[in-house]
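Take a look at the structure set out below.
The values are calculated or read from the model by the stated rules, or taken from the named source; none is laboratory data. Remember, it's a predicted structure, so these values are computed and weren't measured experimentally. Positions of Cβ are backbone-derived with ideal geometry, glycine not excepted, and every protein chain shown enters the neighbour counts. Calculation scope for accessible area: heavy atoms of the full protein, side chains included, ligands and nucleic acids excluded. Shrake-Rupley method; radii C 1.70, N 1.55, O 1.52, S 1.80 Å.
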Amino acid sequence: MVKKERKVNVSGKPKHSLDANRANGGMKDGRSAATVRRLKMYNTRPKRNSKGNILKHEFQSKELPSTRIQPDRRWFGNTRVVNQKELEFFREELQTRMSSNYNVILKEKKLPLSLLNDHQKQARVHLLDTQPFEDAFGPKKKRRRPNLLASDYESLLKRADGSQDAFEQKLASDPSLEASEGDGSRDLVRHTMFEKGQSKRIWGELYKVIDSSDVVVQVLDARDPQGTRCYHLEKHLKEHCKHKHMVFLLNKCDLVPAWVTKGWLRVLSKEYPTLAFHASVNKSFGKGSLLSVLRQFARLKSDKQAISVGFVGYPNVGKSSVINTLRTKNVCKVAPIPGETKVWQYITLTKRIFLIDCPGVVYQNSDSETDIVLKGVVRVSNLQDAAEHIGEVLKRVKKEHLKRAYKITEWNDENDFLVQLCKLSGKLLKGGEPDLMTAAKMVLHDWQRGRIPFFVPPPRQEDETTEGLNAVIKEKDSLVDTDKEAAAMRAIENVVSSQQLRNVPVQRDLFTDNELNGCDNNDSDPLPPTDS
């Protein structure tokens, strides 16, 4: 039998199906070069020894890493050791420094803040303050039972009586708690509209903003700064968030005379850095000062890639308007009514500064329903009886301003004032009856939108701003450790002090010449400062 001669590929072109260099030759089902390489990869197997360990693999790295560890004593011991006396001394120094709100902790990540600041739950546990270490721990300990507050029943009873007396004295000294009267009477339950800004969701939004912010800007109404402050928030930042910074911003400074704005700047600057502001996209005041302060805070936080600035405050004080002014365009939805901002939102100002808008929060205080309405917390259109709040408006606003605004010369009480206003404005019902509700809402709308002039004058004090600022600057210079950071601290002080010397924009048609010059501020006290 004659064997057939095997055909030889004389042309030299690859024709095997597992050859990556083979041309398809117009075949639709031919394997591509990528498919051939993938199929060859499946056939590769690692070489193993008798125990199954891999000895060699085609895809294994041929370069072995350097596994030698540098011999260093830091691997076998803690080199960051501090003595107990040095730690206590540093704690005392830190507390004295941080008692001033103008001081800033630099390089926070390198400080063991958990050792320097005792937690509230751990602050009560100090066994070694009452007894030595040998008696509390170790083989010769003498502490067999827990130390109770009272050794027997009589001492426990005396302690309970003492705490009850202390609680009753505290309750009697607090004027805001009216439920401690002997007759046991209580106020009627308020309508739910007067509890706006106090829900659990709103407070959750507030704490989200606080936790995410490096600098907290509390926006205050320049007409009543003390009444729109949140002392609870300031106390929370002092106790739990010492690394965060607080800045006061007096918005709506164009609705009060210039001497009122400068007086409040002097008063509030003793506690926190305070700036005056007029929110307007086209004609603003204080925008450059606020931007320069935020840039200096960004320089102080040089270890972070960017800082976040949260804006908090009462409803309708202008938080979203301030953000729109800084961005010079409408990035936040604004309205002259409270409750327009529902959730928090991030806005980019620069590459290193982010702004956070927060819904308005109403803090727990002893305000009446009329105070809540006049602070702008409640929407006037939702009031069921707006006429009962007009009497307080007539008390707080000067008579000459009401005459000029509504062309009414004389009135006996608030009801007479509303009747005359209805006749002048044509707000009448069937049969010529005056529509008191509509007229009262008109007055409250004008009050909330600043058409009726009103302000709380600042307390009288001597001019001590220059001495106080110089003392703060010297204290900061001793705290900071580099020229760059010292320059940033001095720049913040210069911005705060220089704004008190600038001309503040004022709507001059709202006030008389004597009020603008501050000549009659002795006898014009529309409202005493609000205690919140």
- [ ] Would you mind telling me which numbered condition in (1) in a strand (DSSP E or B); (2) at pLDDT below 90; (3) among the hydroxyl-bearing types (Ser, Thr, Tyr) SER321 fails?
- [x] (1)
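Conditions tested, residue by residue: (1) within 40 Å of the chain's Cα centre (by Cα); (2) open to solvent by 40 Å² or more (accessible area, probe 1.4 Å); (3) at negative phi; (4) of a type outside the set (Gly, Ala, Ser).
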{"site": "ALA386", "(1), (2), (3), (4)": "yes, no, yes, no"}
{"site": "HIS389", "(1), (2), (3), (4)": "yes, no, yes, yes"}
{"site": "LYS399", "(1), (2), (3), (4)": "yes, yes, yes, yes"}
{"site": "THR409", "(1), (2), (3), (4)": "no, yes, yes, yes"}
{"site": "PHE417", "(1), (2), (3), (4)": "no, no, yes, yes"}
{"site": "GLU433", "(1), (2), (3), (4)": "no, yes, yes, yes"}
Task: Subset of segment 274-295 that is under 18 Å from the mean Cα position of the chain (by Cα) and open to solvent by 10 Å² or more (accessible area, probe 1.4 Å) - its residue that is nearest to PHE311 (Cα to Cα) - done: LEU291
- [ ] Test VAL312 against the criterion of being open to solvent by 30 Å² or more (accessible area, probe 1.4 Å) and not polar (S, T, N, Q), and give yes or no.
- [x] no
Open item on the list: Let me spell it out: the conditions are (1) within 15 Å of PHE311 (Cα to Cα); (2) free of Cβ contacts under 8 Å to residues at least 40 places away in the same chain; (3) not acidic (Asp, Glu), and LEU428 meets all of them except one. Which number is the exception?
Closed with: (1)
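Quick one: which helices (runs of 4 or more DSSP H) sit completely within segment 357-447 and have at least 2 residues that are over 30 Å from GLU205 (Cα atoms)? Spell out how you get there, then give the answer.
Details: elements: 369-374, 390-396, 399-406, 414-425.
Result: 390-396, 399-406, 414-425.
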Task: Within segment 225-237, tally of residues that are in contact with a Ser or Thr (Cβ under 7 Å, 6 or more places away or on another chain) and either without any contact (Cβ under 8 Å) to a residue 40 or more places away in the chain or surrounded by fewer than 21 Cβ atoms within 10 Å (Cβ to Cβ) (or both) - done: 3
- [ ] Answer yes if at least one residue in segment 297-310 is closer than 29 Å to ASN382 by Cβ and part of a strand (DSSP E or B), and no otherwise.
- [x] yes
TODO: Report those helices (runs of 4 or more DSSP H) wholly inside segment 198-272 carrying at least 3 residues which are under 15 Å from the mean Cα position of the chain (by Cα) and over 24 Å from GLU493 (Cα atoms).
DONE: 200-212, 231-240
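Can you tell me which residue among LYS329, LYS319, LYS375, LYS342 is open to solvent by 30 Å² or more (accessible area, probe 1.4 Å), within 20 Å of GLY288 (Cβ to Cβ) and basic (Lys, Arg)? Working first, answer last.
Details: LYS319 fails: open to solvent by 30 Å² or more (accessible area, probe 1.4 Å); LYS375 fails: within 20 Å of GLY288 (Cβ to Cβ); LYS342 fails: within 20 Å of GLY288 (Cβ to Cβ).
Result: LYS329 is the single residue among LYS329, LYS319, LYS375, LYS342 that is open to solvent by 30 Å² or more (accessible area, probe 1.4 Å), within 20 Å of GLY288 (Cβ to Cβ) and basic (Lys, Arg).
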